[in-house]
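The values are calculated or read from the model by the stated rules, or taken from the named source; none is laboratory data. Please read these numbers as outputs of a predicted model, since none were measured by experiment. Cβ placement follows ideal geometry from the backbone for every residue including glycine, while neighbour counts extend to all protein chains displayed.
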Amino acid sequence: MKSAIPFFLICAIYPFNAIFPRTAIQGGDNINSATAITQLPFDSTGTTIGYIDDYDFDCPLASPGSPDVVYSYSPQFEAPVSVALCDADFDTKLYIFQNGPPNVIACSDDACGADGLKAAIFDVVLYPGNIYYFIIDGHGGAQGNYAFEISILPTQCDLQPPPNAVIEDEPTCYDNYNDISNAGCSTITWDTIQVNSIFFGTSGTFLYQGLETRDTDWMEFELDASQAIELEGMAEFDIMLMIIEQGSEQSPCDGFEILQWSTALACSALTIQAQLDAGRYWIWVGPSQFVGVECGAEYLFSLDALAPPCDYISGDINSDGFAGGIDVTYGIRYLKGGSAPPDSCNCPPIAFPFYAAGDVNGNCAFNGIDLTFFVGYLKGIQPTLRYCLDCPHAGMSSSPVPAVIPCQPPFLDEGGGSWQ
């Protein structure tokens, strides 16, 4: 498999959360009757049905009308946490008051879930001496059942650019910063990068004309032919990465299409793989939320071309288009010194030649054990012929990567504006 991106990462890590079942600890109606959380991590279920609409917050847009419930927590120690409602059965919003309204320190509307409409605040720090109120709300009247999770995160990380990285030349953002540098279709400006390169930049959230917004960066790349690519990134903040196909060559911002997108927690790696046609594309990178990211926070991503999958059928050792007993005979002859199979695959780091069609037990080697496995398959003992995950055949996936949510992302803002 391809080695991981050289992130030059320095991290201090909190212990990973213990796994424990959810319990029904219903949130209170408002901050005066909030359900107290006694320790972290915390995992519970409840409902907003039948409660009062006490609070609402522009995140980034106002959407009142939904009942809400409240939990509270008073930390004894500094705690970096993520807070999520990804398994709720309605369109959720989530925000956190520090010591009460209107001091909102983090908010989320659309960030996770199968439909992308569930709220999650991927990274916020809770400090001792304060009371934090977690408001579980809905969008525009939505209400229902929720699963509420608070997880402890790594404390911090310090990304450093590798020597061969392309360094962003955009100024560090600040309140009322006018983002006209690689801000995408709002300003018709973007950087250009090449495939098989690493990009290092900064981002953050800030107030622009009184509205919470974020510094988003757009990078254009071009493919002369169809190509499988891998986009791998990490940031000192909760990151969102997207692959966007441009519109026409004359008007790239007209009719563009978001092809894939994904998010990751601060200091966690994110990977997107895609098969792209020839054409022009953007990579979009920025915080996954609109508040709580100090300007100048750093990110890093790599854009790499992937070798095409090897075109073979598992078990088709003689390359006649079928896998059967004659292939077992062919394989035995080869292992006894006969002719090599017609086709081999170049799948680094596996040594070349690799006769991948013969690796029917999926251990990334072709030997007599595979032929025994093959015979077992022909006799009905083995349910299927396997293949090497480091050398997938055409139409099959390679080693597992983080899931990409197949839906439109939340608001993309450019230079202080927002749109869906």
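Out of curiosity, is residue 284 modelled with pLDDT of 95 or more and either surrounded by 21 or more Cβ atoms within 10 Å (Cβ to Cβ) or among the hydrophobic types (A, V, I, L, M, F, W, C) (or both)? Show your work before the answer.
Working: modelled with pLDDT of 95 or more: yes; either surrounded by 21 or more Cβ atoms within 10 Å (Cβ to Cβ) or among the hydrophobic types (A, V, I, L, M, F, W, C) (or both): yes.
Spelling it out, residue 284 is indeed modelled with pLDDT of 95 or more and either surrounded by 21 or more Cβ atoms within 10 Å (Cβ to Cβ) or among the hydrophobic types (A, V, I, L, M, F, W, C) (or both).
Within segment 137-173, being more than 23 Å from the chain's Cα centre (by Cα), of a type in the set (A, V, I, L, M, F, W, C) and not assigned by TED's automatic domain parsing to the domain that holds residue 235 holds for one residue alone: 142.
Considered as a group, the residues in segment 185-209 that are part of a loop (DSSP other than H, G, I, E, B) and out of contact with any Gly (no Cβ under 8 Å at 6 or more places or on another chain) include one that is nearest to residue 255 (Cα to Cα), and that residue is 185. Restricting attention to segment 94-111, the residues that are assigned to a loop (DSSP other than H, G, I, E, B), at pLDDT below 90 and not charged (D, E, K, R) total 3. Taking first residues from segment 315-326 that are under 15 Å from residue 359 (Cβ atoms) and partners that are acidic (Asp, Glu) and assigned to a loop (DSSP other than H, G, I, E, B), the Cβ contacts under 6 Å between residues at least 6 apart in sequence or on separate chains come to 319/343; 323/316. For the condition at pLDDT 90 or above, of a type outside the set (Asp, Glu) and not assigned by TED's automatic domain parsing to the domain that holds residue 50, residue 213 qualifies.
Of the residues making up segment 207-220, those that are under 30 Å from residue 306 (Cβ atoms) and either surrounded by fewer than 21 Cβ atoms within 10 Å (Cβ to Cβ) or among the acidic types (Asp, Glu) (or both) are 215, 217, 220.
Report, by residue number, each residue of segment 329-353 that is hydrophobic (A, V, I, L, M, F, W, C) and either more than 23 Å from residue 378 (Cβ to Cβ) or touching a Ser or Thr at 6+ places or on another chain (Cβ under 6 Å) (or both).
Within segment 329-353, 345, 347, 350, 351, 352 qualify.
Looking across 182, 176, one residue alone is surrounded by 14 or more Cβ atoms within 10 Å (Cβ to Cβ), at positive phi, in the same structural domain as residue 292 (by TED's automatic domain parsing) and part of a loop (DSSP other than H, G, I, E, B). It is 182.
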